[in-house]
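Written below as structure tokens is the structure these notes are about.
The values are calculated or read from the model by the stated rules, or taken from the named source; none is laboratory data. Keep in mind that what you see is a predicted model, and the values were worked out from it rather than measured. All Cβ positions, glycine included, derive from the backbone under ideal geometry; neighbour counts span all protein chains shown. Ligands, DNA and RNA are excluded from the accessible area calculation, which covers all protein heavy atoms including side chains. Shrake-Rupley method; radii C 1.70, N 1.55, O 1.52, S 1.80 Å.
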Amino acid sequence: MIELKNIYFGYKGKNTVIHDVSLTINAGDFIAVAGRNGSGKTTLTRLIMALLKPSAGEILFQNSIIANVTPAKMAHHIGYVFQNPDRQIFHDTVADETAYGPKQLGYKPEEIKTFVKEALAVTGLSELADAYPLSLSKGQKQRLTIASALAMQPQMLILDEPTSGQDARERDELLHLLLTLNAQGKTILLVTHDMELLSACAQRAIVMAKGHKAFDGTVSQLFENNAQLENWGLIK
């Protein structure tokens, strides 16, 4: 689905923060990206989403280079869920919030109605369709941002630290949701510090360290690297 070839990236006026990263994401993968703060993991996901452009190297989506593709165009294929859901929510009802994305993509009203209904059902928010989004709990808000992404019919979801600030019940609900979506065929790329979450749901782990890809393998292989986990800022 996605291939990164020798990617470099640096913010304007700053040193390079992504150094020679190459990786492949296949359809149906459930991948966790881990690493210390500042390791480059969020920057990596924003490059995939075309929110940022690499200074060198190529990113391909379904074998086509995305150098000139806009984030709006990528939103047809990839849903991006930010760490803080309050930054994504700005409508007066849960249903209206969920409908915003597919409206922007030009879907027909009847299609939008169906997509919203399906997205709210799978995220467990159907009974809150008329609720004011900012009155929801942190976990419900996070599921709303996922519903908003799903309503745009993406093939893949990128989630940046989605369990931040949630209690154990909300975390378990989100875990179940992500596993369900992956079982239904969605490709999942999860940025997380939570090693329990990583071990419970991911099939593959990528570790970023100082802008480099330090590890790329199965979760069991990751936890065999006990000597490196602490160096990478990870706790088993």
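Scan the range 103-112 and give yes if some residue there is open to solvent by less than 50 Å² (accessible area, probe 1.4 Å) and in contact (Cβ under 8 Å) with a residue 40 or more places away in the chain, otherwise no.
Yes, because at least one residue in the range 103-112 is open to solvent by less than 50 Å² (accessible area, probe 1.4 Å) and in contact (Cβ under 8 Å) with a residue 40 or more places away in the chain.
Each row is one residue, and each column tells you yes or no for (1) in contact (Cβ under 8 Å) with a residue 60 or more places away in the chain; (2) within 22 Å of Lys141 (Cβ to Cβ).
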residue: Leu174; (1), (2): no, yes
residue: Leu177; (1), (2): no, yes
residue: Leu181; (1), (2): no, yes
residue: Gly185; (1), (2): yes, no
residue: Ile188; (1), (2): yes, yes
residue: Val191; (1), (2): yes, yes
residue: Met195; (1), (2): yes, no
residue: Met208; (1), (2): yes, no
residue: Ala214; (1), (2): yes, no
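Could you grab the pairs with beta carbons closer than 7 Å, sequence gap of 6+ or different chains, first residue in the range 7-22 and part of a loop (DSSP other than H, G, I, E, B), second one modelled with pLDDT of 90 or more?
Tyr11/Val17
Under the condition of being in contact with a Lys or Arg (Cβ under 9 Å, 6 or more places away or on another chain), of a type in the set (A, V, I, L, M) and over 19 Å from Leu157 (Cβ atoms), which residue from the range 113-137 is most open to solvent (accessible area, probe 1.4 Å)?
Leu134
I'd like to check something: does the range 79-86 contain any residue that is of a type outside the set (S, T, N, Q), open to solvent by 50 Å² or more (accessible area, probe 1.4 Å) and closer than 19 Å to Leu181 by Cα?
Looking for residues that are of a type outside the set (S, T, N, Q), open to solvent by 50 Å² or more (accessible area, probe 1.4 Å) and closer than 19 Å to Leu181 by Cα, one finds at least one in the range 79-86, hence yes.
Taking Ala27 and the conditions (1) over 21 Å from Phe223 (Cα atoms); (2) in a strand (DSSP E or B), which numbered condition does it fall short on, given that it satisfies the others?
(2)
If Asp92 satisfies every condition in (1) more than 18 Å from the chain's Cα centre (by Cα); (2) open to solvent by less than 80 Å² (accessible area, probe 1.4 Å); (3) over 26 Å from Lys5 (Cβ atoms) but one, which is the exception?
Going through (1) more than 18 Å from the chain's Cα centre (by Cα); (2) open to solvent by less than 80 Å² (accessible area, probe 1.4 Å); (3) over 26 Å from Lys5 (Cβ atoms) one by one, Asp92 breaks only (2).
How do the pairs read when you match residues in the range 62-85 that are within 25 Å of His193 (Cα to Cα) with residues anywhere that are among the small types (Gly, Ala, Ser), using Cβ under 6 Å and keeping only pairs 6 or more apart or on different chains?
Gly79/Ala149; Val81/Ala149; Gln83/Ser164
Across the range 1-19, what is the number of residues that are open to solvent by 40 Å² or more (accessible area, probe 1.4 Å) and in contact with a Gly (Cβ under 8 Å, 6 or more places away or on another chain)?
The total comes to 6.
In the range 44-64, is there at least one residue being over 30 Å from Gln228 (Cα atoms), part of a loop (DSSP other than H, G, I, E, B), open to solvent by less than 70 Å² (accessible area, probe 1.4 Å) and at pLDDT below 95?
Yes: the range 44-64 contains one or more residues that are over 30 Å from Gln228 (Cα atoms), part of a loop (DSSP other than H, G, I, E, B), open to solvent by less than 70 Å² (accessible area, probe 1.4 Å) and at pLDDT below 95.
Is it the case that some residue within the range 147-154 is free of Cβ contacts under 8 Å to residues at least 24 places away in the same chain and over 24 Å from Thr24 (Cβ atoms)?
no
Does the range 199-214 contain any residue that is in a helix (DSSP H, G or I), open to solvent by 40 Å² or more (accessible area, probe 1.4 Å) and either at negative phi or out of contact with any Pro (no Cβ under 9 Å at 6 or more places or on another chain) (or both)?
There is at least one residue in the range 199-214 that is in a helix (DSSP H, G or I), open to solvent by 40 Å² or more (accessible area, probe 1.4 Å) and either at negative phi or out of contact with any Pro (no Cβ under 9 Å at 6 or more places or on another chain) (or both).
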